[in-house]
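Heads up, the thing below is written out as C-alpha coordinates.
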Amino acid sequence: MDNIKAFSKSDMLKRVAIWKDLKPNPQMFLDTRLPEHERDLYSVIGPGVSEDPETKPAISDAQDFNIAYIGAEPGKGAALHSHPTVEVFIPITGKWSIYWNEGDKQEEVIIECMDCVSVPPGILRGFRNVGDEHSFLIGIVGGSDSGHVDWAQSVIERAKQTGLKLDENGFIYEEAEL
(Lines give C-alpha, C1' and ligand atoms only; values in the text may rest on other atoms or scores of the structure.)
Protein backbone atom coordinates (compact mmCIF):
# COMPACT_ATOMS: atom_id res chain seq x y z
CA MET A 1 0.00 0.00 0.00
CA ASP A 2 3.06 2.29 0.13
CA ASN A 3 2.77 3.12 -3.58
CA ILE A 4 -0.87 4.29 -3.40
CA LYS A 5 -1.28 8.05 -3.48
CA ALA A 6 -4.04 10.61 -3.68
CA PHE A 7 -4.57 12.48 -6.95
CA SER A 8 -6.58 15.68 -7.38
CA LYS A 9 -9.31 16.06 -9.98
CA SER A 10 -7.40 18.92 -11.63
CA ASP A 11 -4.35 16.65 -11.96
CA MET A 12 -6.48 13.85 -13.41
CA LEU A 13 -8.13 16.20 -15.92
CA LYS A 14 -4.66 16.81 -17.42
CA ARG A 15 -4.75 13.10 -18.27
CA VAL A 16 -8.15 13.07 -20.00
CA ALA A 17 -8.65 13.31 -23.77
CA ILE A 18 -12.18 14.21 -24.87
CA TRP A 19 -12.93 13.04 -28.42
CA LYS A 20 -14.93 16.14 -29.43
CA ASP A 21 -11.99 18.35 -28.38
CA LEU A 22 -9.35 16.50 -30.40
CA LYS A 23 -8.15 18.14 -33.61
CA PRO A 24 -6.46 16.12 -36.36
CA ASN A 25 -3.00 17.01 -37.58
CA PRO A 26 -3.13 16.91 -41.40
CA GLN A 27 0.66 16.82 -41.83
CA MET A 28 2.12 14.76 -39.03
CA PHE A 29 4.20 12.55 -41.35
CA LEU A 30 6.22 12.72 -44.54
CA ASP A 31 3.70 10.65 -46.50
CA THR A 32 0.51 12.60 -45.70
CA ARG A 33 0.67 14.73 -48.89
CA LEU A 34 0.65 11.66 -51.06
CA PRO A 35 -3.01 11.15 -52.10
CA GLU A 36 -3.23 7.48 -51.11
CA HIS A 37 -1.79 8.26 -47.67
CA GLU A 38 -4.04 11.17 -46.64
CA ARG A 39 -5.51 10.53 -43.22
CA ASP A 40 -6.65 12.22 -40.02
CA LEU A 41 -4.09 11.80 -37.23
CA TYR A 42 -5.03 12.52 -33.63
CA SER A 43 -2.27 12.50 -30.98
CA VAL A 44 -4.01 11.23 -27.86
CA ILE A 45 -1.20 10.21 -25.48
CA GLY A 46 2.29 11.51 -26.22
CA PRO A 47 3.63 12.81 -29.53
CA GLY A 48 4.51 9.28 -30.62
CA VAL A 49 6.74 9.32 -33.66
CA SER A 50 5.33 12.55 -35.13
CA GLU A 51 7.57 14.28 -37.64
CA ASP A 52 5.78 17.59 -37.02
CA PRO A 53 7.55 19.39 -34.15
CA GLU A 54 4.31 21.31 -33.51
CA THR A 55 2.35 18.17 -32.59
CA LYS A 56 0.49 18.74 -29.32
CA PRO A 57 -0.95 15.56 -27.84
CA ALA A 58 -4.09 15.75 -25.72
CA ILE A 59 -2.22 13.97 -22.91
CA SER A 60 1.45 14.87 -22.98
CA ASP A 61 2.74 12.50 -20.28
CA ALA A 62 3.63 9.40 -22.32
CA GLN A 63 5.14 6.81 -20.04
CA ASP A 64 6.32 3.83 -22.08
CA PHE A 65 3.66 4.11 -24.81
CA ASN A 66 1.96 6.60 -27.16
CA ILE A 67 -1.55 6.38 -28.60
CA ALA A 68 -2.94 7.93 -31.77
CA TYR A 69 -6.33 7.65 -33.43
CA ILE A 70 -6.19 7.42 -37.21
CA GLY A 71 -9.14 8.06 -39.50
CA ALA A 72 -9.05 7.35 -43.22
CA GLU A 73 -11.28 7.11 -46.25
CA PRO A 74 -11.42 3.79 -48.16
CA GLY A 75 -8.14 3.03 -49.91
CA LYS A 76 -6.10 5.42 -47.76
CA GLY A 77 -3.62 4.84 -44.95
CA ALA A 78 0.08 4.96 -44.06
CA ALA A 79 2.96 4.19 -46.43
CA LEU A 80 5.64 1.61 -45.65
CA HIS A 81 7.63 2.71 -42.61
CA SER A 82 9.30 1.24 -39.55
CA HIS A 83 9.80 2.20 -35.92
CA PRO A 84 12.50 1.37 -33.38
CA THR A 85 9.70 0.12 -31.09
CA VAL A 86 6.70 -2.19 -31.32
CA GLU A 87 3.62 -0.75 -33.06
CA VAL A 88 0.14 -2.07 -32.30
CA PHE A 89 -2.97 -1.59 -34.47
CA ILE A 90 -6.56 -1.98 -33.24
CA PRO A 91 -9.46 -1.05 -35.55
CA ILE A 92 -12.33 0.81 -33.91
CA THR A 93 -14.45 0.73 -37.06
CA GLY A 94 -14.17 -0.75 -40.53
CA LYS A 95 -11.79 -3.21 -42.11
CA TRP A 96 -8.04 -2.56 -42.38
CA SER A 97 -5.11 -4.10 -44.20
CA ILE A 98 -1.91 -4.24 -42.18
CA TYR A 99 0.90 -4.97 -44.62
CA TRP A 100 4.63 -5.40 -44.21
CA ASN A 101 7.83 -5.95 -46.25
CA GLU A 102 8.57 -4.47 -49.65
CA GLY A 103 8.13 -5.76 -53.19
CA ASP A 104 7.64 -9.47 -53.80
CA LYS A 105 8.13 -10.20 -50.08
CA GLN A 106 5.12 -8.08 -49.06
CA GLU A 107 2.59 -9.80 -46.81
CA GLU A 108 -0.79 -8.66 -45.48
CA VAL A 109 -3.40 -9.46 -42.86
CA ILE A 110 -6.95 -8.03 -42.84
CA ILE A 111 -8.30 -7.03 -39.43
CA GLU A 112 -11.64 -5.68 -38.24
CA CYS A 113 -13.17 -4.05 -35.17
CA MET A 114 -11.32 -4.96 -31.96
CA ASP A 115 -8.81 -7.28 -33.70
CA CYS A 116 -5.18 -6.52 -32.82
CA VAL A 117 -1.82 -6.73 -34.60
CA SER A 118 1.56 -6.15 -32.91
CA VAL A 119 4.35 -5.36 -35.39
CA PRO A 120 7.91 -5.87 -34.08
CA PRO A 121 10.54 -3.10 -34.21
CA GLY A 122 12.42 -2.56 -37.46
CA ILE A 123 9.84 -4.17 -39.79
CA LEU A 124 8.61 -2.04 -42.70
CA ARG A 125 4.83 -1.83 -42.27
CA GLY A 126 1.88 0.18 -43.48
CA PHE A 127 -1.89 0.15 -43.15
CA ARG A 128 -4.85 0.93 -45.37
CA ASN A 129 -8.60 1.19 -44.93
CA VAL A 130 -9.97 -1.63 -47.10
CA GLY A 131 -13.59 -1.08 -46.04
CA ASP A 132 -16.41 0.86 -47.71
CA GLU A 133 -16.50 3.96 -45.48
CA HIS A 134 -14.34 6.34 -43.45
CA SER A 135 -13.03 4.27 -40.55
CA PHE A 136 -10.87 4.60 -37.44
CA LEU A 137 -7.88 2.67 -36.16
CA ILE A 138 -5.92 3.01 -32.91
CA GLY A 139 -2.13 3.05 -33.28
CA ILE A 140 0.08 2.46 -30.25
CA VAL A 141 3.86 2.80 -30.29
CA GLY A 142 6.06 1.74 -27.41
CA GLY A 143 8.50 3.84 -25.44
CA SER A 144 8.41 7.17 -23.64
CA ASP A 145 10.61 8.43 -26.50
CA SER A 146 9.60 6.37 -29.52
CA GLY A 147 12.23 7.82 -31.83
CA HIS A 148 11.41 8.68 -35.42
CA VAL A 149 9.99 6.90 -38.42
CA ASP A 150 12.20 5.22 -41.02
CA TRP A 151 10.55 5.37 -44.43
CA ALA A 152 10.87 3.16 -47.48
CA GLN A 153 13.12 5.02 -49.98
CA SER A 154 10.25 5.25 -52.49
CA VAL A 155 8.18 7.24 -49.95
CA ILE A 156 11.04 9.68 -49.28
CA GLU A 157 11.47 10.28 -53.02
CA ARG A 158 7.75 10.81 -53.65
CA ALA A 159 7.39 13.15 -50.64
CA LYS A 160 10.32 15.22 -51.91
CA GLN A 161 8.34 15.83 -55.13
CA THR A 162 5.61 17.47 -52.97
CA GLY A 163 8.18 19.77 -51.30
CA LEU A 164 8.45 17.83 -48.01
CA LYS A 165 11.75 16.60 -46.63
CA LEU A 166 13.12 15.50 -43.26
CA ASP A 167 15.73 17.53 -41.40
CA GLU A 168 18.68 15.99 -39.53
CA ASN A 169 16.45 15.53 -36.44
CA GLY A 170 13.76 13.61 -38.33
CA PHE A 171 11.21 16.47 -38.54
CA ILE A 172 9.39 17.45 -41.73
CA TYR A 173 9.92 20.79 -43.41
CA GLU A 174 9.07 22.48 -46.66
CA GLU A 175 12.14 22.35 -48.90
CA ALA A 176 11.98 26.14 -49.39
CA GLU A 177 12.16 26.73 -45.59
CA LEU A 178 15.87 25.93 -45.13
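The values are calculated or read from the model by the stated rules, or taken from the named source; none is laboratory data. Quick caveat: nothing in here was measured; it's all calculated off a predicted structure. Here the Cβ is made from the backbone with ideal geometry for all residues, glycine too, and neighbour counts use every protein chain on show.
Rundown of residues vs (1) among the charged types (D, E, K, R); (2) over 28 Å from THR93 (Cα atoms); (3) buried (at least 16 other Cβ atoms within 10 Å of the Cβ), yes/no style:
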{"site": "VAL130", "(1), (2), (3)": "no, no, yes"}
{"site": "HIS134", "(1), (2), (3)": "no, no, no"}
{"site": "LEU137", "(1), (2), (3)": "no, no, yes"}
{"site": "VAL141", "(1), (2), (3)": "no, no, yes"}
{"site": "TRP151", "(1), (2), (3)": "no, no, yes"}
{"site": "ALA159", "(1), (2), (3)": "no, yes, yes"}
{"site": "LEU164", "(1), (2), (3)": "no, yes, yes"}
{"site": "ASP167", "(1), (2), (3)": "yes, yes, no"}
{"site": "ILE172", "(1), (2), (3)": "no, yes, yes"}
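Does the range 7-53 hold any residues that are out of contact with any strand residue (DSSP E or B) (no Cβ under 8 Å at 6 or more places or on another chain) and at pLDDT below 90, and which are they?
Within the range 7-53, PRO53 is the sole residue that qualifies.
Between a first residue in the range 79-96 that is closer than 17 Å to PRO120 by Cα and a second residue that is small (Gly, Ala, Ser) and part of a loop (DSSP other than H, G, I, E, B), which pairs have beta carbons less than 6 Å apart while being 6 or more apart in sequence or on different chains?
Listed pairs, sorted by first residue: LEU80/ALA152; SER82/GLY122; PRO84/GLY147; THR85/GLY143; THR85/SER146.
Which members of the range 149-162 meet the condition of being farther than 14 Å from LEU80 by Cα and in contact (Cβ under 8 Å) with a residue 24 or more places away in the chain?
Restricting attention to the range 149-162, the residues satisfying the condition of being farther than 14 Å from LEU80 by Cα are 160-162.
Once the filter is applied, which keeps residues that are farther than 14 Å from LEU80 by Cα and in contact (Cβ under 8 Å) with a residue 24 or more places away in the chain, the range 149-162 yields only THR162.
Within the range 33-51, how many residues turn out to be outside any strand (DSSP E or B), out of contact with any helix residue (DSSP H, G or I) (no Cβ under 9 Å at 6 or more places or on another chain) and not hydrophobic (A, V, I, L, M, F, W, C)? Walk me through it before giving the result.
Step one: list which residues in the range 33-51 are outside any strand (DSSP E or B), which gives 33-39, 46-51.
Now narrow it down to the ones that are out of contact with any helix residue (DSSP H, G or I) (no Cβ under 9 Å at 6 or more places or on another chain): 35-36, 46-50.
Restricting the remaining residues to those that are not hydrophobic (A, V, I, L, M, F, W, C) gives 35-36, 46-48, 50.
Qualifying residue count for the region: 6.
For the list (1) touching a Phe, Trp or Tyr at 6+ places or on another chain (Cβ under 8 Å); (2) under 17 Å from GLU36 (Cβ atoms); (3) not small (Gly, Ala, Ser), I need the number of the one condition that ILE156 fails.
The one condition ILE156 does not meet is (1).
Would the range 53-73 turn up any residue that is in contact (Cβ under 8 Å) with a residue 60 or more places away in the chain, of a type in the set (Val, Ile, Thr) and part of a loop (DSSP other than H, G, I, E, B)?
Looking only at the range 53-73, we keep the residues that are in contact (Cβ under 8 Å) with a residue 60 or more places away in the chain, and these are 53, 62-73.
Next, only the ones that are of a type in the set (Val, Ile, Thr) stay: 67, 70.
Adding the requirement that they be part of a loop (DSSP other than H, G, I, E, B) leaves none.
Looking for residues that are in contact (Cβ under 8 Å) with a residue 60 or more places away in the chain, of a type in the set (Val, Ile, Thr) and part of a loop (DSSP other than H, G, I, E, B), one finds none in the range 53-73, hence no.
Out of the residues in the range 80-138 meeting the condition of being of a type in the set (Gly, Ala, Ser) and in a strand (DSSP E or B), tell me which one is modelled with the lowest pLDDT. Lay out the reasoning, then the answer.
Taking the range 80-138 as the starting set, the residues that turn out to be of a type in the set (Gly, Ala, Ser) are 82, 94, 97, 103, 118, 122, 126, 131, 135.
Adding the requirement that they be in a strand (DSSP E or B) leaves 82, 97, 118, 126, 135.
Details: SER82: 94, SER97: 98, SER118: 98, GLY126: 97, SER135: 98.
Step by step, filter the range 80-138, then rank; the result is SER82.
State which residue pairs qualify: first residue within 13 Å of SER97 (Cβ to Cβ) and among the hydroxyl-bearing types (Ser, Thr, Tyr) and inside the range 110-138, second residue modelled with pLDDT of 95 or more and in a loop (DSSP other than H, G, I, E, B) in any location, beta carbons under 7 Å apart, and separation of 6 or more residues or different chains.
Cβ pairs passing all conditions: SER135/THR93; SER135/GLY94.
Before we move on, is MET12 of a type in the set (A, V, I, L, M, F, W, C), outside any loop (DSSP other than H, G, I, E, B), more than 15 Å from the chain's Cα centre (by Cα) and surrounded by fewer than 19 Cβ atoms within 10 Å (Cβ to Cβ)? Spell out the reasoning first.
Numbers: of a type in the set (A, V, I, L, M, F, W, C): yes; outside any loop (DSSP other than H, G, I, E, B): yes; more than 15 Å from the chain's Cα centre (by Cα): yes; surrounded by fewer than 19 Cβ atoms within 10 Å (Cβ to Cβ): yes.
Answer is yes for this residue.
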